[in-house]
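The values are calculated or read from the model by the stated rules, or taken from the named source; none is laboratory data. Remember, it's a predicted structure, so these values are computed and weren't measured experimentally. Glycine gets a Cβ as well: all are built from the backbone with ideal geometry, and neighbour counts include every protein chain shown.
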Amino acid sequence: MTEKAINKLAEQELLSEILQTIKSGDEDARGFAVYEKVPLLRDKQAARGEFIKMLYFGTRLKKSKSGETLEVEEDGPEAWENSIIRSWAASAISVLDSNKDKAARLEVVKALQRETVNTTARYWILAALYKMSTRKDLETVVNETAARYKNAIMDGKNLSYESPDPINDRAAPLALAIQASWGDAEATTCLEVLLGSNSFTPMWSTCRALEMVSVRGLLGILTRVASDVRTWPDIRSRCVYAIGKIESPASIRSLGHILSNDQDALVREAAVDGLVNLGTSRTVKKLIEKTKNGSDGSPYSITSHLLGALLDQNAQIRYIAAKALFDVMLDRAPNDEDAAKIDQAKTRARINASEKVVNEIVKEQTELESGVPLLVDALRLIDPPEAESAAMVLSRYLFSEDVSVRQRAEKALRLVGGEKAVQTLMGQKSEVLRAYNDLLTKTDEPIQQLFQETMHQARFSFMVSQIMSIVVFVVGIGAIIFGLYTAFQSGNERIEFIFGAGTSIIGAIAVLLDLLVRDPHKRVQEATSILLRIKVIFLGYLRQIHQIDATFKHEFIEGGREFGQKDVEKTTRLINAVMKNTMNVITLHLPVRKTEKLAVDEVLKKWKEAVNLNPNAPEEEASDTTEQPSSESESKTQG
């Protein structure tokens, strides 16, 4: 078969399936066939003809007294179901029609006039006419349908006892709603009376009509009825659905109030559905933009109300609220069929919705143990782990300066799961450890530099002292030898005496200088010995600190939920104890003579200052905890 033949056959199969579903399917299947599959039909004329034929399903020809042939409904047990099938056919024509098929519209009008038994069928046929007709085309039919109800209400009759037009109990409120949408004040008044009648059937029919045709002037009474807990829950939920059809920022405020305060789950669910409808309306978006009322936290902010619903006690409401948040964030052209653009719009929507949820997660008002898991459930629905948007947004908060924010982000990442979340958490721990190591390295650098400078100065002083001692000693001995030699070899006794005595004096002076230098030299040697002992103690100190640090890192990585503030405090106590014990070892193993203390005072000065910065360290716990490190340092020093 050719491609053209296959396409034609597929079209016929699709149309046949739709017709069969309308005839024998349940309500959900019929709705899917009409509203999802009918738009897929390409041969509009063939489909139009079949749907018009179905408008006569279950009818028969009958001649009137005047001899005119009429199509009338068949009597029998199937009459009610046949009228429902005809109403679905009218709905299919309204979906197929482009408001230009006058002949099809006239056939639907005839179908409405033929329906004299089923009030529900009349309602749906009138609804189909409303969708496919202009006011001019529809006005006569609407006025006829609403006339009896309108006259009875305006005359003050009580509808609780008797219906003014039983066959139009469903269709008349719809006709009144259509008139009210055209600006008919009397029709609006009639609808208010019906909503306030405290009678189930008129209230139900009116709410259903207002779900089909929105009337801005009825927002107030719809909100009052929806908020009145004495009213039937079904009526209240239908009022909420009707509010969701009114394209106004005020509707957002009403739905948000109901969602936050109502105790009935069905009513709250209807409020979420209404918020989705308003959130996807371009008219509402433009109105909010013009009035500048859509900021986060505003009663006119749809996302704020939906975020609150993510913490609802009812799981079904949390579920639909999460889905709704994504739908509200999805912003693309209505008729855009470009797959790449649609994917980009969905990606942006996932990221934007994830950001909104994460902002709620990191708020201090959100309960860490109960609230965060619920919001994470929403993240999973908005953005499955493989999409990675949620993990990407959460990773931005892992290095926040606020400890609470970091904890919430980390907990949320663990709950979200997925490869990206795991990689992000591991990267965060690696980054924290790297920053911690860098901090320790920077802290150790001044100590190491101070120690190296001190040792360098000691070596320099020692070398200078050695050189001075050698020079003075050599000069002194040389002068003595030369003086003696000159004195005994010269013939002139006076010169020999003077020179000999002079050289002896010079030698004596040199010896005195040697004595003057020897003591500083000895002090340098002693200081060097002290510094060597300090070096041993210092290396022991570093060893203990590094052991504590290694333990801290291990607990940080493996500790999981049990790692916390207590572990940090314990590590701090251990470090303080090591510092104090190190100072005690220095005091124990270094000389105490004044001259020797002067040589090391400068070395120990900064160490003592470091210890004094922690005067409130718990000494009892520290001493008990670090008794063993102290003895180790002592043994190292003695060795």
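So which residues in segment 107-120 are at pLDDT 85 or above, surrounded by fewer than 20 Cβ atoms within 10 Å (Cβ to Cβ), among the polar types (S, T, N, Q) and more than 49 Å from the chain's Cα centre (by Cα), if there are any at all?
Listed by number, the list holds a single entry, 113.
In segment 211-230, what residues are more than 36 Å from the chain's Cα centre (by Cα), assigned to a helix (DSSP H, G or I) and either within 27 Å of residue 134 (Cα to Cα) or among the basic types (Lys, Arg) (or both)?
The answer is 217, 218.
Output yes when any residue across segment 33-45 is among the aliphatic types (A, V, I, L, M), touching a residue at least 60 places away in the same chain (Cβ under 8 Å) and either surrounded by 14 or more Cβ atoms within 10 Å (Cβ to Cβ) or farther than 21 Å from residue 55 by Cβ (or both), and no when none is. Walk me through how you get there before you give the answer.
Pass one, segment 33-45, residues among the aliphatic types (A, V, I, L, M): 33-34, 38, 40-41.
Filter once more, keeping what is touching a residue at least 60 places away in the same chain (Cβ under 8 Å): 34.
This time we only want the ones that are either surrounded by 14 or more Cβ atoms within 10 Å (Cβ to Cβ) or farther than 21 Å from residue 55 by Cβ (or both), so: 34.
Within segment 33-45, one or more residues are among the aliphatic types (A, V, I, L, M), touching a residue at least 60 places away in the same chain (Cβ under 8 Å) and either surrounded by 14 or more Cβ atoms within 10 Å (Cβ to Cβ) or farther than 21 Å from residue 55 by Cβ (or both).
Scan segment 175-182 and give yes if some residue there is of a type outside the set (A, V, I, L, M, F, W, C), outside the structural domain of residue 284 (by TED's automatic domain parsing), in contact (Cβ under 8 Å) with a residue 12 or more places away in the chain and buried (at least 20 other Cβ atoms within 10 Å of the Cβ), otherwise no. Give the derivation first.
Step one: of segment 175-182, the residues of a type outside the set (A, V, I, L, M, F, W, C) are 179, 181.
Narrowing the set further to residues that are outside the structural domain of residue 284 (by TED's automatic domain parsing) leaves 179, 181.
Keeping just the survivors that are in contact (Cβ under 8 Å) with a residue 12 or more places away in the chain gives 179, 181.
Next, only the ones that are buried (at least 20 other Cβ atoms within 10 Å of the Cβ) stay: 179.
Yes - at least one qualifying residue is present in segment 175-182.
If a residue must be out of contact with any helix residue (DSSP H, G or I) (no Cβ under 9 Å at 6 or more places or on another chain) and outside any helix (DSSP H, G or I), how many such residues does segment 1-45 contain?
The total comes to 2.
Going by what's in this entry, would residue 296 be described as at pLDDT below 80, under 28 Å from residue 404 (Cα atoms), not polar (S, T, N, Q) and not in a helix (DSSP H, G or I)? Reasoning before the result, please.
Details: at pLDDT below 80: yes; under 28 Å from residue 404 (Cα atoms): yes; not polar (S, T, N, Q): yes; not in a helix (DSSP H, G or I): yes.
For residue 296, the condition - at pLDDT below 80, under 28 Å from residue 404 (Cα atoms), not polar (S, T, N, Q) and not in a helix (DSSP H, G or I) - is met.
Would you be able to tell me the number of residues in segment 47-106 that are among the polar types (S, T, N, Q) and modelled with pLDDT of 85 or more? Steps first, please.
Going through segment 47-106, the residues among the polar types (S, T, N, Q) turn out to be 59, 64, 66, 69, 82-83, 87, 91, 94, 98-99.
Cutting the leftovers down to modelled with pLDDT of 85 or more gives us 82-83, 87, 91, 94.
So the count comes out to 5.
Answer yes or no: is there a residue in segment 139-149 that is within 27 Å of residue 230 (Cα to Cα), modelled with pLDDT of 90 or more and either aromatic (Phe, Trp, Tyr) or not assigned by TED's automatic domain parsing to the domain that holds residue 110 (or both).
Our first condition is that a residue be within 27 Å of residue 230 (Cα to Cα); within segment 139-149, this holds for 149.
Checking the rest, the ones that are also modelled with pLDDT of 90 or more come to 149.
Restricting the remaining residues to those that are either aromatic (Phe, Trp, Tyr) or not assigned by TED's automatic domain parsing to the domain that holds residue 110 (or both) gives 149.
Yes - at least one qualifying residue is present in segment 139-149.
Checking residue 198 against (1) in a loop (DSSP other than H, G, I, E, B); (2) surrounded by 20 or more Cβ atoms within 10 Å (Cβ to Cβ); (3) not aromatic (Phe, Trp, Tyr), which single condition isn't satisfied?
(2)
Please find, among 369, 355, 386, the residue that is under 11 Å from the mean Cα position of the chain (by Cα), closer than 27 Å to residue 319 by Cβ and either at pLDDT 70 or above or surrounded by fewer than 18 Cβ atoms within 10 Å (Cβ to Cβ) (or both).
On the way: 369 fails: under 11 Å from the mean Cα position of the chain (by Cα); 386 fails: under 11 Å from the mean Cα position of the chain (by Cα).
Answer to the check: 355.
Sort out which residues of segment 231-248 are assigned to a helix (DSSP H, G or I) and either acidic (Asp, Glu) or assigned by TED's automatic domain parsing to the domain that holds residue 184 (or both), and write them in order of number. Spell out the reasoning first.
Just the residues of segment 231-248 that are assigned to a helix (DSSP H, G or I), to begin with: 233-245.
Scanning segment 231-248 gives a single hit, 234.
Can you name every residue in segment 204-228 that is over 26 Å from residue 249 (Cβ atoms) and of a type in the set (A, V, I, L, M, F, W, C)?
If we filter segment 204-228 for residues that are over 26 Å from residue 249 (Cβ atoms), which is where we start, we get 204-205.
Within segment 204-228, just 204 meets the criteria.
So which of 276, 240, 229 is buried (at least 23 other Cβ atoms within 10 Å of the Cβ) and more than 24 Å from residue 163 (Cα to Cα)?
Details: 276 fails: buried (at least 23 other Cβ atoms within 10 Å of the Cβ); 229 fails: buried (at least 23 other Cβ atoms within 10 Å of the Cβ).
Only one candidate qualifies: 240.
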